[in-house]
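Accompanying notes for the structure given below.
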Amino acid sequence: MPDIPLIQAARQNLDRPAVIASEGRFSYRDLLESSAKVAACLLNGSADLEERRMAFLVPPGFQYTAVQWGIWRAGGIAVPLCVSHPWPELEYVIDDSDAAVVVAHPELADKLKPILEQKNRRFLMTAEALGAGPASLPDISVNRRALILYTSGSTGKPKGVVTTHRNIEAQAMSLIAAWEWTAEDHILNILPLHHIHGIINVLTCALRAGAVCEILPRFEAGAVWERITRGGLTLFMAVPTIYAKLIAFWEAASAERQNAMTAACSKMRLMVSGSAASPVSVIEKWQTVSGHVLLERYGMTEIGMALSNPLHGERRPGYVGTPLPGMKVRLVDENGETVKPGTQGEIQVKGSAVFAEYWGKPGATKESFREGWFCTGDVAVVEKGGYRILGRKSVDIIKTGGYKVSALEIEEVLRTHPCIKDCAVVGVEDPEWGERVSAALVLNERNVLTLPELRAWAREKLAAYKVPTRMCVLEDLPRNQVGKVTKPAIVNLFKAGKGIESC
């Protein structure tokens with residue numbers, strides 16, 4: 001029976017360890033057997049899911065992996081849900097993807113009850129899915145759609161980025177080649193598994209290479225350091241915010257403890273930072289802490305990873321290296337003409353790793369490509385033989401803590417608050433978070449609103465990383481002659497610091 005490459009590779013490593021998590025230690029044989037049970041349960045007597053969407057809310061771990069693989073082996077499209085999202089965001093993803101089935105871990109099932117009680121969708125607990133009997137599984141072509149990940153865009157609501165099994169294979173194999181993954185590698189995953197960084201760069205690369213992926217259910221600096229200190233890890237990947245928190249924990253530790261943590265880091269072969277630019281201060285301090293110069297790379301949900309600093313050779317802070325294997329990258333000006341080295345331009349990418357479409361949005365898909373090149377919206381310059389990212393073309397995209405969020409989406413939600421007449425959301429540069437989500441508010445007459453009150457209200461409607469951490473109240477928003485809000489002026493207000501509430 002033809003299988004996708006990920007399954008074929010697993011069959012070559014049956015008795016090797018695959019996943020270590022809170023549920024225990026599991027081999028590739030265990031993963032194949034459990035994912036086959038999930039697939040059988042999802043099929044429910046049918047021959048093939050035929051690309052029906054399967055949403056799942058499962059904590060990071062072995063069950064997450066088995067459910068993801070089970071969806072793929074049954075012919076479905078996996079739609080991972082974020083365990084920390086409030087129910088309005090979960091509802092949006094389930095509705096937008098038109099998920100036919102929702103799988104949930106018992107610990108998280110209550111989060112979905114307000115949604116599923118109103119909708120005619122099949123609902124499964126992980127125990128039921130993992131307890132199914134054997135079934136005949138369909139042949140899966142690499143050209144099938146496999147995964148929908150939701151990413152914020154400049155137009156507001158998140159868009160579903162659709163990748164095929166061929167796209168996923170290209171994304172993983174590019175990194176396996178560039179970073180020299182082998183079956184002897186052992187990586188610790190502390191990244192969320194609704195985001196490409198954790199799903200592809202860590203989990204999929206590890207399992208495609210026949211390596212071990214050890215998964216912590218959530219990030220906690222002390223737990224990460226404890227695991228690193230025990231040894232046996234060869235790879236570690238995180239976002240700049242996490243490295244900053246690990247540095248702070250190290251600095252607060254005793255000299256003896258610091259020495260043990262540093263010694264353990266030095267035994268790893270590679271540490272990678274991505275999803276946002278790492279401040280030079282973080283890179284320099286992490287080198288002191290760990291002995292490693294962080295390898296920075298550049299990518300996004302739609303393309304996987306496109307650029308990387310070298311595994312062997314000089315890594316320069318502020319630069320993201322050169323194109324990865326199988327990726328074509330160019331910089332173009334506003335007229336679509338390729339620019340010369342030293343001249344800034346928009347990053348455009350082409351290659352088999354590039355996504356297939358935005359789910360249900362053919363217009364947005366068409367607009368995002370120019371002559372077969374995907375337009376990233378990121379601006380860069382090539383200097384000293386490497387790419388240096390300068391920022392986003394759109395002021396309405398904020399990069400915070402490794403996440404890309406839409407200012408317009410946050411504004412749309414904030415305007416539903418009974419005290420808020422108008423608002424503008426901006427990203428303000430921050431050494432720990434990259435940018436902090438900052439909201440300028442115009443309140444209705446005689447209303448008062450504090451930042452803690454706003455955050456408590458917003459947490460019920462927005463993912464935690466989208467909730468503003470800074471706020472100011474204005475009589476009116478600054479506007480240009482045609483009435484458009486001038487967001488650079490708002491950024492300057494926050495930088496000045498007068499009348500700003502922060503947490």
For the range 157-174, which residues satisfy the criterion of being in a helix (DSSP H, G or I) and hydrophobic (A, V, I, L, M, F, W, C)? Ile168, Ala170, Ala172, Met173
In this structure, does Met271 turn out to be aliphatic (A, V, I, L, M), surrounded by 13 or more Cβ atoms within 10 Å (Cβ to Cβ) and within 23 Å of the chain's Cα centre (by Cα)? yes
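Identify, from the list Thr155, Thr151, Thr164, the residue that is closer than 15 Å to Phe355 by Cα and modelled with pLDDT under 95.
Details: Thr155 fails: closer than 15 Å to Phe355 by Cα; Thr164 fails: modelled with pLDDT under 95.
One residue alone meets the criteria, Thr151.
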Out of all the residues in the range 316-352, which are β-branched (Val, Ile, Thr), surrounded by fewer than 19 Cβ atoms within 10 Å (Cβ to Cβ) and under 22 Å from the mean Cα position of the chain (by Cα)? Thr322
Quick check, is Pro217 at pLDDT below 95 and surrounded by 19 or more Cβ atoms within 10 Å (Cβ to Cβ)? no
Would the range 26-35 turn up any residue that is assigned to a strand (DSSP E or B), surrounded by fewer than 19 Cβ atoms within 10 Å (Cβ to Cβ) and not aliphatic (A, V, I, L, M)? yes
Hits in the range 129-155 - residues which are touching a strand residue (DSSP E or B) at 6+ places or on another chain (Cβ under 9 Å), surrounded by 13 or more Cβ atoms within 10 Å (Cβ to Cβ) and not hydroxyl-bearing (Ser, Thr, Tyr): Ala129, Ile140, Val142, Arg144, Arg145, Ala146, Leu147, Ile148, Leu149, Gly153
Are there strands (runs of 3 or more DSSP E) fully within the range 358-426 with at least 1 residues that are at negative phi, of a type in the set (A, V, I, L, M) and surrounded by fewer than 18 Cβ atoms within 10 Å (Cβ to Cβ)? List them. 373-383, 386-392
Pair list, Cβ under 6 Å, 6 or more apart: the range 84-109 residue under 16 Å from Val38 (Cα atoms), other residue part of a loop (DSSP other than H, G, I, E, B): Ala100/Arg52; Val102/Arg121; His105/Val58; His105/Pro59
Go through the range 283-315 and give me each residue that's surrounded by fewer than 17 Cβ atoms within 10 Å (Cβ to Cβ) and out of contact with any helix residue (DSSP H, G or I) (no Cβ under 7 Å at 6 or more places or on another chain). Glu284, Gln287, Thr288, Pro310, His312, Gly313, Glu314
Meets criteria (modelled with pLDDT under 95, out of contact with any Cys (no Cβ under 7 Å at 6 or more places or on another chain) and under 26 Å from Glu251 (Cα atoms)) for Pro192: no
Taking the range 364-374 on its own, how many of its residues are under 24 Å from the mean Cα position of the chain (by Cα) and farther than 20 Å from Pro341 by Cβ? 7
Condition met for Ser254 (among the hydroxyl-bearing types (Ser, Thr, Tyr) and more than 23 Å from Ile389 (Cβ to Cβ)): yes
Tabulated pairs, the range 10-35, first closer than 21 Å to Ala129 by Cβ and of a type in the set (D, E, K, R), second assigned to a loop (DSSP other than H, G, I, E, B) and at pLDDT 95 or above, C-beta under 8 angstrom, 6+ apart or interchain: Glu23/Gly61; Arg29/Leu14; Arg29/Asp15
Tally the residues that are part of a loop (DSSP other than H, G, I, E, B) and small (Gly, Ala, Ser), restricting the search to the range 474-503. 3
Scan the range 49-59 for residues that are part of a strand (DSSP E or B) and of a type outside the set (A, V, I, L, M) and jot them down. Arg53, Phe56
Output the number of the condition that Val239 fails; it satisfies all remaining conditions of (1) surrounded by fewer than 18 Cβ atoms within 10 Å (Cβ to Cβ); (2) of a type in the set (Val, Ile, Thr); (3) touching a Gly at 6+ places or on another chain (Cβ under 7 Å). (1)
Any chance Ser46 is in a loop (DSSP other than H, G, I, E, B), within 22 Å of Lys159 (Cα to Cα) and either of a type in the set (S, T, N, Q) or more than 25 Å from the chain's Cα centre (by Cα) (or both): no
Taking Val103 as the residue in question, decide whether it is assigned to a helix (DSSP H, G or I), outside the structural domain of Gly198 (by TED's automatic domain parsing) and surrounded by 15 or more Cβ atoms within 10 Å (Cβ to Cβ). no
Whether any residue in the range 60-76 is assigned to a helix (DSSP H, G or I) and surrounded by fewer than 21 Cβ atoms within 10 Å (Cβ to Cβ) is what I want to check. no
Considering each residue of the range 77-100, count those that are of a type in the set (A, V, I, L, M, F, W, C) and in a helix (DSSP H, G or I), and give that number. 4
Filter result for the condition that a residue is in contact (Cβ under 8 Å) with a residue 24 or more places away in the chain, surrounded by fewer than 14 Cβ atoms within 10 Å (Cβ to Cβ) and more than 24 Å from Cys82 (Cβ to Cβ), over Glu501, Glu475, Glu460, Glu453: Glu475
Within the range 132-149, can you find the residues that are of a type outside the set (S, T, N, Q) and either in a loop (DSSP other than H, G, I, E, B) or touching an Asp or Glu at 6+ places or on another chain (Cβ under 8 Å) (or both)? Ala132, Gly133, Pro134, Ala135, Leu137, Pro138, Asp139, Ile140, Val142, Arg144, Arg145
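The values are calculated or read from the model by the stated rules, or taken from the named source; none is laboratory data. Because the structure is predicted, anything quoted here is derived from the model rather than measured. Methodologically, a virtual Cβ is constructed for each residue, glycine included, from the backbone with ideal geometry; neighbour enumeration extends over all protein chains shown.
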